[in-house]
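Since every read-out is calculated from the coordinates, none of them should be taken as a lab result. Worth saying up front: this structure is predicted, and the values here are computed from it rather than measured. Note: ideal-geometry Cβ built from the backbone for every residue, glycine included; neighbour counts use all protein chains shown.
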């Protein structure tokens, strides 16, 4: 019979239990929403197109060197000045990167030693075909095409 008529002690316990359950559900819902909300990094939406450069502005190109080679493997862009950035994500201690023109002449050679993670250089190249290679990995080839 005692269960049919709850005491104030039982009501307090029941109230605290329900409040704790609601709090746990609310925190879980907020955490799940944060966990499952896509970020720009993982979004499947296509990237937005870059704004056209204004007079006097310099474009840039980002290349990443991974354990499998260069990503992307090729870029086509207008000839002229641009900032080239090659990030080393290959986990190799040293890289020897070479920028070579279409006739095979080495225009730049940059050694990235341990602790140096990228190569950044402002280049001003004429139209034509260029490659970037890694000296110890002949199958790692990046193709750069510059057009008028």
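For (1) under 20 Å from the mean Cα position of the chain (by Cα); (2) loosely packed, with under 11 Cβ neighbours inside 10 Å, each residue gets a yes or a no:
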position	(1), (2)
105	no, yes
108	no, no
121	yes, no
125	no, no
128	no, no
131	no, no
139	no, yes
148	no, yes
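All conditions in (1) touching a residue at least 12 places away in the same chain (Cβ under 8 Å); (2) within 25 Å of the chain's Cα centre (by Cα) hold for residue 115, with the sole exception of (1).
The number of residues in segment 88-109 that are in contact (Cβ under 8 Å) with a residue 24 or more places away in the chain and over 18 Å from residue 139 (Cα atoms) comes to 0.
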